[in-house]
Structure formats: C-alpha cells, structure tokens
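I am attaching a structure below and will ask some questions about it afterwards.
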Amino acid sequence: MTHQQITDEPGTPVHKLSLRFSSTRRGARLARQLAVQQFTEWTGLPHDSDTARTVALVTAELATNAITHGRLPGRDFRLTLLLLPQAVRIEVTDTRPECRPRHSTAEPTPPDATSGRGLLLLEAYADRWGCEAGDTYTKTVWAEVARPSGQPSP
C-alpha cells in the first residue's frame, strides 16, 4: 500500500493512495469500499454525501470493468486515488491494454444487451474520464469527480 502526500506546486498538496486488489468480485467490492473510506477521510465529507456516492459508483464501474474485461489469470488490478484541489481522480490499472473502453457514442449498446452500459454511468457521473496505456502490459482507465464547491483544498 502506498499512501503519501506530495506537492506538485507550492502550497498545493495532493494526497495519493495506491493499492492492488485481486481481480475478483470481492476485490472490486473492497476497492469501492476503500475508495469511499479514503475519500471521506481526506475531505471530511460524510459517506452518504452525493460526492462520496459518486466516488463509490465510479470506482465500482472501473473496478468491475477491470475484472470483467481486463483480467488475466493470476494478475491483480491496481486502484489509485488522487485528491486534487478541484477533484478526486480514480485510476484503475489492469493487465489487458488491448481491451480499451470505447466512449458510448462510438457504438450504442443494443437495448436487449445484458451488459455494456457501465461507460454511460462514467459519462453521466464523472466530469472527465479516459484511458491510457502505460506500457505494453497494462492500461489505466481513469475518471475525475469534482469536489463540492466551497470545500477547502486538501
């Protein structure tokens, strides 16, 4: 587990937490629970605040995608949380860089499909999201959730 406070610019602290989880439903659930716990600890917002609920939903979707579409046997996924001055950034890194998510406008999900709507949730709840291939073995899907206006910076 990595937990640190770093400074990118003078007077602008950024909190960071990075953990690995098993690529299982249990791992995805633990990632979601930890993300909310850490976010509320950093910000002082209650667990049932709109922003904490959004962090839970976005983390759950990213982690579920990692275990569904980005899993290789015996390989974990990594959750990284960054508390930025204006947003919380949620990053999930998995081991399938060739399986990149598509924005929902690229190809709509058929109405009778049993899956494939998770990225619509990201687009609805995250302020920004994207995907980056860090190397030939991993990809990171990230999303940023705005912090409530008027909340002090970390």
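The values are calculated or read from the model by the stated rules, or taken from the named source; none is laboratory data. Everything numeric in this text was worked out from a predicted model, so none of it was measured. No Cβ is skipped: glycine too gets one built from the backbone with ideal geometry, and neighbour counts run over all protein chains shown. Heads up: the accessible areas ignore ligands, DNA and RNA and are worked out on the full protein's heavy atoms, side chains in. Shrake-Rupley method; radii C 1.70, N 1.55, O 1.52, S 1.80 Å.
What single numbered condition from (1) out of contact with any His (no Cβ under 7 Å at 6 or more places or on another chain); (2) under 19 Å from VAL141 (Cα atoms) fails to hold for SER49?
Of the numbered conditions (1) out of contact with any His (no Cβ under 7 Å at 6 or more places or on another chain); (2) under 19 Å from VAL141 (Cα atoms), the odd one out for SER49 is (2).
Which one of these does THR105 not meet: (1) modelled with pLDDT under 60; (2) within 15 Å of ASN65 (Cβ to Cβ)?
Among (1) modelled with pLDDT under 60; (2) within 15 Å of ASN65 (Cβ to Cβ), the lone unmet condition for THR105 is (2).
Could you please tell me which pairs satisfy a Cβ distance under 7 Å, a separation of 6+ or placement on different chains, a first residue in the range 87-99 that is modelled with pLDDT of 90 or more, and a second residue that is of a type in the set (S, T, N, Q) and assigned to a loop (DSSP other than H, G, I, E, B)?
So the pair list comes out as THR93/THR138.
Yes or no: the range 65-80 includes at least one residue that is hydroxyl-bearing (Ser, Thr, Tyr) and within 21 Å of LEU120 (Cα to Cα). Before the answer, list the steps.
Step one: filter the range 65-80 for residues hydroxyl-bearing (Ser, Thr, Tyr), giving 68, 80.
Then drop every residue that is not within 21 Å of LEU120 (Cα to Cα), which leaves 68.
Scanning the range 65-80 turns up at least one residue that is hydroxyl-bearing (Ser, Thr, Tyr) and within 21 Å of LEU120 (Cα to Cα).
Give me the residue from the range 131-154 that is modelled with pLDDT of 90 or more and either more than 18 Å from the chain's Cα centre (by Cα) or over 14 Å from ALA63 (Cα atoms) (or both) and, out of that set, least open to solvent (accessible area, probe 1.4 Å).
For the range 131-154, the residue satisfying everything is VAL145.
Taking the condition of being more than 14 Å from VAL88 (Cβ to Cβ), part of a strand (DSSP E or B) and at pLDDT below 90, how many residues in the range 1-55 meet it?
Adding up the residues that qualify gives 9.
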